[in-house]
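The values are calculated or read from the model by the stated rules, or taken from the named source; none is laboratory data. Keep in mind that what you see is a predicted model, and the values were worked out from it rather than measured. Here the Cβ is made from the backbone with ideal geometry for all residues, glycine too, and neighbour counts use every protein chain on show.
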């Protein structure tokens, strides 16, 4: 039980970083049942068109959300990191209109829909916090649309790296830091609507400018402010820097 709750703590921290929850409401999140499962890379653990009865909380690794054209060509439309529930919307829409695939070795916690519905029904503020969490995913999706539609390749790739570094809480304000990003250049290409060759050339350009160093899955950012400027990156849409007095609770505490 201790290990199970430890898996849920990062998601509870995500919720309480933006929403005010009482002790009982927080406990309701930690008491959610779940089954942990390891997923190998490049495996769809929620296939396109599947009917799901659970959500997937990412415990470790990186998960991609994929949409697909009629000829089978795939596009990554979201990357999910530890602490994310990557298909929370499936609680109210069980039909999977996108596939979920492990981009690296990933551990997921499958949480039944009925348990989330029960917690949300018992505690309206929990429902409010879950709804608010979905709005952050929607804001990220909107920014990704701008990224692939309006930014050049160098800015596009730099922006994605800035976003992932921020969401992974890498550096914690340091100007020079290294973080672990277990994705391939081909996966970056699928997330930025570029070819693998174009991504490789773009990364070489970022290296030549002294903005990043990439060794296998480790990325070093020698000059964070310079990378942010190159990326035209404003982290406000991520809502990762919400001050305690800015956290929201609309439902009255019972």
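Taking only the stretch 94-122 into account, find how many residues are assigned to a strand (DSSP E or B) and either in the same structural domain as residue 191 (by TED's automatic domain parsing) or without any contact (Cβ under 8 Å) to a residue 60 or more places away in the chain (or both). Break it down into steps so the answer makes sense when it comes.
Of the stretch 94-122, the ones assigned to a strand (DSSP E or B) are 95, 99-102, 106-112.
Within this subset, residues satisfying the condition of being either in the same structural domain as residue 191 (by TED's automatic domain parsing) or without any contact (Cβ under 8 Å) to a residue 60 or more places away in the chain (or both) are 95, 99-101.
Within the stretch 94-122, residues that are assigned to a strand (DSSP E or B) and either in the same structural domain as residue 191 (by TED's automatic domain parsing) or without any contact (Cβ under 8 Å) to a residue 60 or more places away in the chain (or both) number 4.
Out of the residues in the stretch 26-39 that are in contact with a strand residue (DSSP E or B) (Cβ under 9 Å, 6 or more places away or on another chain) and within 21 Å of residue 125 (Cα to Cα), state the one that is surrounded by the most Cβ atoms within 10 Å (Cβ to Cβ). Only one residue tops the list, namely 32.
Those strands (runs of 3 or more DSSP E) of the stretch 160-254 in which 3 or more residues are modelled with pLDDT of 95 or more and either on the phi > 0 side of the Ramachandran plot or surrounded by fewer than 18 Cβ atoms within 10 Å (Cβ to Cβ) (or both) occupy 177-180.
Restricting attention to the stretch 151-160, does a residue exist that is outside the structural domain of residue 25 (by TED's automatic domain parsing), under 26 Å from residue 59 (Cβ atoms) and touching a strand residue (DSSP E or B) at 6+ places or on another chain (Cβ under 9 Å)? Yes, because at least one residue in the stretch 151-160 is outside the structural domain of residue 25 (by TED's automatic domain parsing), under 26 Å from residue 59 (Cβ atoms) and touching a strand residue (DSSP E or B) at 6+ places or on another chain (Cβ under 9 Å).
Among the strands (runs of 3 or more DSSP E) confined to the stretch 40-89, the ones with at least 1 residues that are free of Cβ contacts under 8 Å to residues at least 40 places away in the same chain, in the same structural domain as residue 105 (by TED's automatic domain parsing) and touching a strand residue (DSSP E or B) at 6+ places or on another chain (Cβ under 6 Å) are located at 63-68, 74-80.
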